[in-house]
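Reviewing the structure listed below.
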Amino acid sequence: MTSDSLTDVAGVRVGHATFRGDGWLTGTTVVLAPEGGAVAAVDVRGGGPGTKETDALDPRNLVRTVEAIVLTGGSAYGLDAASGVMGWLEERGRGVRVGQDPAHVVPVVPAACIFDLGRGGDFRARPDAAAGRAAVEDAAAGAPGTPVPEGCVGAGTGAAVGPLKGGVGSASTVLGSGITVAALAVANAAGSAVDPETGVLYGELFGGRVAYPEPSVHEAARQRLAESAAKHGVPPLNTTLAVVATDADLTKAQAQKLAGTAHDGIARAVRPVHLLNDGDTVFALATGARPLDAGRPLALNEVLAAGADMVTRAIVRAVRAAEPVTGPDGEWPTYGELYGGR
């Protein structure tokens, strides 16, 4: 039995810290690896990224595994949330050993941020180290396999996809080999998730039958979105973030390929993508619990393709799970409000 979310990869947990009201509309999400860490990699394709410790994930460099990944609001200010996660990990002796004393560790905590500054009304309301600690504690407290809360939570609290409300979404699949591939996405794009001609979510054009909205419904939605865009203005910066996780035994180079291929999943769900004012970043985690089939040279391809598919589905779920949120300039409409149910 699966929960169709990132936590279907055994040992991976997800926690959120959410801040809403009194000028706040932001948050932090932590993906906590199994104790002992997971092989990690990253691929950054947006023109305006805000990241921390991503160079350590280069396959040419020393660090092989990480204990956690942080996705956060607050733009570059919010990257301070990673410090709170580092402190929590250090207290538990989790990190890269740098001495004979088991307590002498340096947790490597890669992080990436979205732009949501001021969306709740207060430009200075952004995540800090305490937010990171709260999110990692939330992750650790959850039972194994607990479904990931979706919508306007954690790093997706203040997310917006153009004039439409964004959020957090997750999805998973089990391949014929028994390998699990899953993704978590924070949808906060400068581009659109909606086909302007039909009202269909771009990401739903892949992998199944599509229910097209009635023309009258779509026209009313277009008017609402135009009004929202006029009120909120064009976001100066955005960013879609994702973490793809698998229980496959991957090298760092293979994990980096997974992170890179997963960007195709963003491109299917958002148009245009990877712009100068996006910071689109995908992390990959591999726990190594299941070996790739050495007798099938293309076994890795199945994992790569599934990673992209799960990112597309996660973005669709993020947009569909969003609920109305009021900012200083009014509400961002949600896809559900405009077009109805799932």
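The figures follow:
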quantity: With DNA, RNA and ligands ignored, accessible area of ASP122 (1.4 Å probe; Å², nearest 10); calculated: 60
quantity: Rounded, prolate or oblate (a/c below 1.5 giving rounded, otherwise prolate when a/b exceeds b/c) for the stretch 202-282 by Cα gyration tensor; calculated: oblate
quantity: Portion, in percent, of the accessible area of the stretch 199-244 that falls on carbon or sulfur, probe 1.4 Å; calculated: 56
quantity: Neighbour-limited loop hits for trypsin sites (Lys or Arg not before Pro), the stretch 168-270 (at most 12 other Cβ within 10 Å; DSSP other than H, G, I, E, B); calculated: ARG209
quantity: Three-way shape call for the chain based on the alpha-carbon gyration tensor, with the a/c threshold at 1.5; calculated: oblate
quantity: Cβ-based net charge around ASN238, under 11 Å, with every Lys or Arg adding one and every Asp or Glu removing one; calculated: -3
quantity: Nearest-ten-degree value, helix 299-321 long axis tilted from longest Cα axis of the chain; calculated: 40
quantity: Global geometry of the stretch 103-253, whether rounded, prolate or oblate, following the gyration tensor of its Cα atoms and the 1.5 cut on a/c; calculated: oblate
quantity: VAL44 accessible area, 1.4 Å probe, all protein chains in place, Å² to nearest 10; calculated: 60
quantity: Eligible lysines near LYS165 by straight Cα distance, threshold 19 Å, same-chain separation 8 or greater; calculated: LYS231
quantity: Accessible-area composition of the stretch 122-165, carbon plus sulfur, in percent [1.4 Å probe]; calculated: 58
quantity: Helix axis angle, 81-91 relative to the chain longest principal axis, alpha carbon, degrees; calculated: 30
quantity: Spatially proximal aspartates and glutamates relative to LYS257 (Cα-Cα < 18 Å; intrachain offsets below 8 disregarded); calculated: ASP43, ASP55, ASP58, ASP247, ASP249, ASP280, ASP293, GLU302, ASP309
quantity: Degrees separating the helix 215-232 axis from the principal Cα axis of the chain, which is the longest one; calculated: 70
quantity: The stretch 250-342 - percent of accessible surface contributed by carbon and sulfur, probe 1.4 Å; calculated: 53
quantity: Listed residues SER83, SER216 arranged by accessible area, highest first, probe 1.4 Å; calculated: SER216, SER83
quantity: Å² of accessible area per residue within the stretch 90-242, as computed with a 1.4 Å probe and no ligands counted; calculated: 42
quantity: Label-reachable residues, the stretch 263-282, where backbone N falls under 16 Å from a point 7 Å from THR198's Cα toward its Cβ; calculated: 268-271
quantity: Area accessible to solvent at LEU298, 1.4 Å probe radius, in Å²; calculated: 120
quantity: Interchain or long-range residues, amide H under 5 Å from SER192's placed H; calculated: ARG271
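The values are calculated or read from the model by the stated rules, or taken from the named source; none is laboratory data. The shown structure was predicted, so the numbers you read here are calculated from the model rather than taken from an experiment. When we count neighbours, we look across all protein chains shown, and the Cβ atoms used for this are built from the backbone with ideal geometry, even at glycine. When the accessible area is computed, the model is the full protein with side chains, heavy atoms only, and any ligands, DNA or RNA have been set aside. Shrake-Rupley method; radii C 1.70, N 1.55, O 1.52, S 1.80 Å.
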